[in-house]
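Q: Here you go, one structure.
Any read-out appearing in this document is the output of simple, stated calculations on the displayed coordinates, not a laboratory observation. The structure displayed is predicted, hence computed values, not measured ones. All Cβ positions, glycine included, derive from the backbone under ideal geometry; neighbour counts span all protein chains shown.
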Ligand code: DUC
Ligand code: ZN
Ligand code: ZN
Ligand code: ZN
């Protein structure tokens with residue numbers, strides 16, 4: 001039987017292996033790996049390129065409604081397009097429950113938002129902000145069984161945060177259902193107390209965002225979350241870990257034999273708190289939470305990646321325009337750090353930034369790169385081996401990398417709908433010059449060639465821990 005597509009000449013890299021083989025694709029699936037795979041309707045010559053499993057971006061926010069007249073800049077069309085052009089073939093954004101809303105209604109709402117728009121496959125994590133009895137007893141267990149096997153909880157933000165008692169209740173439901181809970185670990189009262197003190201002293205420019213959320217508030221909440229995980233006896237994953245102090249807590253837990261998983265993001269490798277102070281207000285472009293730290297902490301995060309403290313490397317893409325009344329500029333409102341929406345864009349730059357500094361910088365191996373950006377998130381969120389590897393039978397989600405290609409990042413070349421990138425002007429080495437999703441080209445030579453709506457919703461299996 002004829003192949004739909006044959007990719008020849010690439011070196012195949014997975015989390016475990018490196019070998020030369022042609023890739024035969026039929027019906028969107030990898031049908032064969034080897035030589036002399038027979039006739040194909042189309043062929044891509046990938047000589048000199050590396051074939052990696054497409055990236056799985058397990059932490060991104062798309063089309064998430066905001067209060068105060070703010071609005072995210074990317075929906076599922078522009079967000080998935082940008083991801084695809086950066087070598088990512090699966091995204092797992094959030095279906096966020098609003099307090100008082102049923103969880104089922106939240107999930108339905110996000111299906112509407114994604115339907116017909118995403119050009120690559122997607123799954124959902126839920127955000128549980130209101131663990132009312134009916135939600136804990138009925139909705140959450142039912143949704144876990146239907147393929148929503150992970151959810152995020154917050155220890156900060158008034159509209160999202162759970163108290164300690166609620167966190168224990170929610171973790172217990174995860175234990176019973178075999179779900180994975182992602183924890184945003186920052187101490188809410190400490191942040192609001194520090195913020196009020198800064199405000200009283202007139203310190204409200206963007207640089208004070210970092211002052212209001214020092215590592216201590218992240219360290220304390222990380223430790224508390226680890227303690228809850230121990231009490232309930234359920235693994236958790238700490239998201240967007242920013243520096244050495246939270247890393248120490250995670251290592252401490254590992255030494256005690258606890259199953260604590262951890263994620264970090266490009267901003268903690270490439271940005272610092274100083275970036276928030278540039279240009280008086282323009283530092284707002286780099287406001288995210290937890291905030292970026294300093295170069296010593298960047299080194300600690302790199303070490304955590306190299307040593308296996310982290311399992312997952314995600315973008316935490318949370319897109320807001322800068323020069324926009326609905327974005328960072330806060331038109332009609334006082335321009336104070338505490339009102340600036342938290343989050344930065346990064347779906348398209350996630351993989352090249354890690355590849356450049358990590359693989360080409362000699363800090364991590366190619367296999368670690370694949371593990372952190374594709375295989376491990378696919379396993380933890382129940383998408384493996386459909387996603388996260390290049391095996392016969394896996395979806396033909398493939399990024400073809402030119403490992404030596406030098407690219408100076410410009411927002412004008414990116415495919416999101418955000419009016420800036422925090423990485424403007426940085427030069428990286430290595431770029432995914434072709435990306436295939438289910439055997440179809442979605443990006444080629446920095447251009448989007450995919451189809452909005454071609455991506456399918458994926459139900460997640462139980463986490464493979
Ligand atoms: N947490 C996230 O996960 N994303 C954006 C902002 C935040 O606080
Ligand atoms: Zn968060
Ligand atoms: Zn500087
Ligand atoms: Zn996030």
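Q: For the ranges 345-351, 368-374, what's the packing order if you count other beta-carbon atoms within 10 Å of each residue, average per peptide, and put the highest first?
A: 345-351, 368-374
Q: Determine which residues of the range 311-341 fall in the zone a paramagnetic label at residue 196 would reach in this model, i.e. backbone nitrogen under 20 Å from the point 7 Å along Cα→Cβ.
A: Inside the label zone: 336-340.
Q: Further question on the same structure: Let's test the formula: R0 of 25 Å, r as the Cβ-Cβ distance of residue 299 and residue 211. What FRET efficiency results, to the nearest 0.05?
A: Efficiency at R0 = 25 Å is approximately 0.70.
Q: What FRET efficiency do you get for residue 43 and residue 456 if R0 is 22 Å and r is their Cβ-Cβ distance, rounded to the nearest 0.05?
A: That gives a FRET efficiency of 0.30.
Q: If you don't mind, there's one more thing I want to ask. Sort 111, 59, 415, 254 so the one with the fewest other Cβ atoms within 10 Å of its own Cβ comes first.
A: 111, 254, 415, 59
Q: Mind pulling the angle between the C-alpha long axis of helix 188-200 and the longest principal axis of the chain? Nearest 10 degrees, somewhere in 0 to 90.
A: 60
Q: Next up: Sort 434, 464 by Cβ crowding within 10 Å, fewest neighbours at the top.
A: Listing 434, 464 from fewest to most nearby Cβ atoms yields 464, 434.
Q: Continuing with this model, one more query. Which peptide among 82-88, 274-280 comes first, and what is the full order, when sorted by highest mean count of other Cβ atoms within 10 Å?
A: Ranking, from highest mean packing down: 82-88, 274-280.
Q: Counting DSSP beta bridges in the chain, what percent are antiparallel, to the nearest 5?
A: 45
Q: Using only the alpha-carbon atoms, how far is helix 76-85 inclined from the longest principal axis of the chain? Give it as 0 to 90 degrees, nearest 10.
A: 60
Q: Please order 457, 313, 355, 448 by the number of other Cβ within 10 Å, starting at the fewest.
A: Sorted ascending by nearby Cβ count, the order is 457, 448, 355, 313.
Q: On full extension of the chain, what length is gained from residue 231 through residue 367, given 0.36 nm per residue of separation minus the C-alpha to C-alpha distance?
A: Difference between extended and current length: 45.5 nm.
Q: On C-alpha positions alone, give me the angle between the axis of helix 244-255 and the longest principal axis of the chain, in degrees, nearest 10.
A: It works out to around 70 degrees.
Q: Can you give the calculated 222 nm mean residue ellipticity of the chain, where each DSSP H run of n ≥ 4 adds -39,500 (n - 2.57) and the sum is split over every residue, rounded to the nearest 500 deg cm²/dmol?
A: It comes out at -7500 deg cm²/dmol, rounded to the nearest 500.
Q: If you don't mind, there's one more thing I want to ask. Working out 0.36 nm times the residue gap between residue 406 and residue 99, then minus their Cα-Cα distance, what length gain in nm do you get to one decimal?
A: 105.9 nm
Q: May I pose another question? So what's the gap between the Cα centers of the range 211-259 and the range 7-81, to the nearest angstrom?
A: If you average the Cα positions of each part, the centres end up 32 Å apart.
Q: For residue 137 and residue 111, compute 0.36 nm times the residue count separating them, minus their Cα-Cα distance, and round to one decimal in nm.
A: Length gained, residue 137 through residue 111: 7.1 nm.
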